[in-house]
Amino acid sequence: MVQEILRVRDVKKYFGGVMAVDGASFSVEEQTIRGLIGANGAGKTTLFNLITGYYKLDSGKIFFRDERVDQLPTFKKALIGMVRTFQLTKALSRMTVLENLLLGPKMQGGEQIHNIFLRPKKVAYEEAIIVEKALEILEFFDLMHMKDDYAGALSGGQKRLLEMARALMTDPKMLLLDEPFAGVNPTLARKLVGRIKELRERGMTFLIIEHDIPLITEVSDTLSFMNHGRIILEGPPEDVKHDPRVLDAYLGGGP
Amino acid sequence: MIDYLVAISIIVGIFAIFAIGLNLEWGFTGLINFGHVGFLAIGAYTTVLMNLSGAPIWLSMTSGVVLAGFFGLLVGIPTLRLREDYLAIVTIGFSEIVRLFLLNEEWLTRGPMGLFGFDRPFEAMIPFDYNYFLFILVFGSLAVIYLLVEKLVHSPWGRVLKSIREDEDVPAALGKDVFRYKIQALMIGSAIAGLAGAFLAFNMQYISPRNFIPMETFYAWIIVVLGGSARNKGTILGAIIVQSFYTGTRYLQDYVPLASHQMAALRIMVIGLLLVLLMMYKPQGLLGRKEELTLGQ
Ligand SMILES: Nc1ncnc2c1ncn2[C@@H]1O[C@H](COP(=O)(O)OP(=O)(O)OP(=O)(O)O)[C@@H](O)[C@H]1O
Ligand SMILES: [Mg+2]
C-alpha cells in the first residue's frame, strides 16, 4: 500500500491582486520522485514557499505524513524531515564551502552552548563524523577542491550544487528541489539524476521543480503540470509532456 | 608615567570587553544593535545600586551582568522575529529610555548628581595602588571573555550564528531555530556589556547618566569596524587605537587654542575622517579579510 507523505489541499496565495497559487491540490507518495513543471510565473516557487513555511497560506491545508503542518514554522518542518533548496541560490558567502555543509545536520550537540563547555569530547566526536560525511558529499558533487574556499567564490552552477549538497547533509525524508539542474553541466546533471534515484531507493522522497523537460522526464516517477496557480495535470512523465496544454505552455508562449 | 599607562590601559580593556560584546552581535550574528550603551548602563548602575544598598560587591557585579543579559532578552523578544532594521530602531530607543530613566528617577539614582561611595572588589585588601589591581582584574576578564567568545564562535553554535548573518533563510531551511540563536547572541553580548559597565564604575568611582550617552555605542561600533568585524583580535586592536587617539587628543588640549567642546567636536570630525580613509583603503578593517569583500551573495 502506497503511503502519502505530502498532501496539499486547495492552497491559495495572493500577492495584492496576483493569484500566485490559486487552489493547488496534489499529493506525493512516499519514496517516489515527483516532477513539477509549468511556465515561468505559474506559481511553482510560491508553492514551495508555502509548503516549507516561508509564506503563510491565505487558505488551504498541508499535511506531512498525516500531520497538519501549514501552521508550523519553517525550521520545525525541516526537523520533521522536509527540506528545500532555493531557486535563487543562497550560498552562505562568508563561510567556507565545507562550513556550509557542516551546518546541515540537524540537532547537533555543539549547537547548544552548555554542551560546548560541558561535553567537549562528545561535540568533537560528533563534528568529526559530520566532517567525514561532508567530505564524502563534496567529493560526489565535484566540490572537494573548493572545500576551504568561501562559498561566495563559487560559480553559479557550483552554488546550485552546494544548495543540494547542504540539504542532503540534513538526511531529509523529503527533499524539495527548486530547479536543481539549472546551470549544471550535463554530465554532472546525469550523475545527480542517478544519485537522486539511488536516494529514492533508500527511502527518500523528492519534489523537483525543473524546466529541463528531458531531464525531469528521466528522473520523475510522476509529473505534475502547474498553470496559473493550479495543478491541472498529473501522470506518467511521457503522457504529461505530450499533453497539448503542456506543449502550449512551453512552446506556444502562453495562452 | 607607568601609572598613566596603567590608567589608559584600564580604559582600553573596558572598551575592548564592551566592543567584543557588540562584535558577537554584529560581527558574527549580523544583529544591528545601536543601543549597546544601554546594557553598559544597566551593568554599571545595577552593580553600584546593589552595593550601595548593602549587597557584597561580587554579588552586585554578578547581578549587573545577569540583569544586562536579561534586558537583552526583553529587547530581543519583540524585535528579533522581525527583519533586522527593527532591532536597530528599538535598541537606540531602548538605550535612551535607560539613560532618561537614570536621569529622572532621582529617588533611585540621584539623577544627574550621579552615584559614588561604593565598594570596589578587594579594595580594602590591596596593599598597593588599587589601579594596578584593577588593571589585572580588567585584563584577566578580557582574556577570559576573549577565550570564551572565541570558543563559542568556532563551535557548531557559532556556525549557526554566522549562517544567520549571511542569510537567515538558510539555517531556517536546515532546521535551526533562528530566533533562539539571535536571542542568545543578544543576551550574551548584553551581559558582556554589563560586565564592562561594572568595570567602568570601578574605574571612575563615580557614575552618572552622562557616562551613557549614545556616543558610547558608536565608539564600540568604530572599534569593531576599525578592527574588522568578526575578528575579536581586531576588536582589541581597535579598542587600543580608538582609546589612544581619544586620550592623545585630550593631551593635545593643552597645546591648541580651542575650548573643550570645540576640541570634542574636532575629535569626532577627525574620527570621521579616519573612518572615511579606512573605508577607502582598508574597508575590511585592520584585521579583516579582504577576500570577503569581493564575494557576491
Ligand atoms: N513575494 C512576492 N511578491 C509579489 N509577487 C510574487 C511574489 N512571489 C511570487 N510572486 C508572483 O507570483 C507569481 C508566481 O511566481 P513564482 O515565483 O511562484 O513562479 P514560478 O512558477 O516559480 O516561475 P519560474 O519558473 O520563473 O521560477 C508571479 O506572478 C510572481 O510575480
Ligand atoms: Mg520558480
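The values are calculated or read from the model by the stated rules, or taken from the named source; none is laboratory data. Not measured: the values here are computed from a predicted model. We place every Cβ from the backbone using ideal geometry, glycine too, and count neighbours over all the protein chains shown. Heads up: the accessible areas ignore ligands, DNA and RNA and are worked out on the full protein's heavy atoms, side chains in. Shrake-Rupley method; radii C 1.70, N 1.55, O 1.52, S 1.80 Å.
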Peptides B:179-189, A:22-32 ordered by average Cβ neighbours within 10 Å, highest first: B:179-189, A:22-32
Coarse-grained scattering of the protein assembly as shown at q = 0.08, 0.13 Å⁻¹, given as base-10 log I(q)/I(0) from a Debye sum over alpha-carbon atoms: -0.64, -1.22
Just tell me how shielded A:92-99 is by partners: mean number of partner chain Cβ atoms within 10 Å of each residue's Cβ, no decimals. 4
Between the range A:13-66 and the range B:219-297, how far is it from one alpha carbon centroid to the other, in angstrom? 50
Rounded to the nearest whole number, the Stokes-Einstein translational diffusion coefficient of the range A:113-255 at 10 °C and 1.306 mPa s (Kirkwood radius, C-alpha pairs) in µm²/s is 90
Could you give me the percent of Cα pairs per 5 Å distance bin for the range B:2-213, shortest bin first, beginning at zero and ending with the bin that holds the maximum distance? 1, 8, 15, 19, 18, 15, 11, 7, 4, 2, 0, 0
To the nearest µm²/s, what D does Stokes-Einstein give for chain A at 37 °C and 0.692 mPa s, using the Kirkwood radius over alpha carbon pairs as Rh? 172
Taking only protein heavy atoms into account and a 1.4 Å probe, give the accessible area per residue of the range B:219-290 in Å². 55
Amide H to amide H, which residues 5 or more places from residue A:36 or on other chains are under 5 Å from it, using H placed in the peptide plane? A:208, A:209, A:210, A:224
Counting only C-alpha contacts under 8 Å and six or more residues apart, can you give the relative contact order of the range B:2-213 as a whole percent? 45
Any idea what log10 I(q)/I(0) is at q = 0.12, 0.19, 0.26, 0.30 Å⁻¹ for the range A:165-221, Debye with uniform C-alpha scatterers and no solvent? -0.25, -0.64, -1.24, -1.55
Mind checking the per residue accessible area of the range B:2-213 for me, 1.4 Å probe, whole number of Å²? 38
Antiparallel bridges, percent of DSSP beta bridges restricted to the protein assembly as shown (to nearest 5): 60
Hey, can you find the accessible area per residue of the range A:25-81 for me, probe 1.4 Å, expressed in square angstrom? 40
Select from B:57, B:107, B:89 the residue farthest towards the positive end of the dipole of the range B:2-213; place +1 on Cβ of Lys and Arg, -1 on Cβ of Asp and Glu, and compute about the Cα centre. B:89
Relative contact order [Cα under 8 Å, 6+ residues apart], chain A, whole percent: 28
What trypsin sites (Lys or Arg not before Pro) in the range B:73-105 are in a loop by DSSP, with at most 14 other Cβ atoms within 10 Å of the Cβ? B:81, B:83
The simple spin-label model distance between residue B:7 and residue B:290, using points 7 Å out along Cα→Cβ, in nm, is 4.1
Please state the charge dipole magnitude for chain B, taken about the Cα centre, from unit charges on C-beta atoms (+1 on K and R, -1 on D and E), reported in debye and rounded to the nearest 20. 420
Label points 7 Å out from Cα along the Cβ direction at residue B:131 and residue B:105: separation in nm? 3.4
Identify all aspartates and glutamates with a Cα-Cα distance to residue A:197 below 14 Å; exclude those on the same chain that are fewer than 8 residues away in sequence. A:30, A:218, A:221
What span do the alpha-carbon atoms of the range A:1-66 cover on each of the three principal axes, reported in whole Å from largest to smallest? 42, 23, 18
Quick one: which bits of the range A:169-190 get at least 50 Å² less accessible when the partner protein chains are in, versus the chain alone, with a 1.4 Å probe? none
Kindly count the pairs of lysines across chain B whose alpha carbons are less than 22 Å apart, treating pairs on different chains or eight or more residues apart as eligible. 11
Please sort by residue number the trypsin sites (Lys or Arg not before Pro) in the range A:190-219 whose DSSP state is loop and whose Cβ has at most 15 other Cβ atoms within 10 Å. A:202
Chymotrypsin sites (Phe, Trp or Tyr not before Pro) restricted to the range B:78-171 and DSSP loop, no more than 11 other C-beta within 10 Å: B:128
For peptide A:138-151, the mean count of other chain Cβ atoms within 10 Å per residue Cβ is 1
So the carbon and sulfur contribution to the accessible area of chain A, 1.4 Å probe, in percent, is 54
Give me the percent of accessible area attributable to carbon and sulfur for the range B:208-289, probe 1.4 angstrom. 70
What's the buried accessible area, both sides, between A and B using a 1.4 Å probe, rounded to 100 Å²? 3100
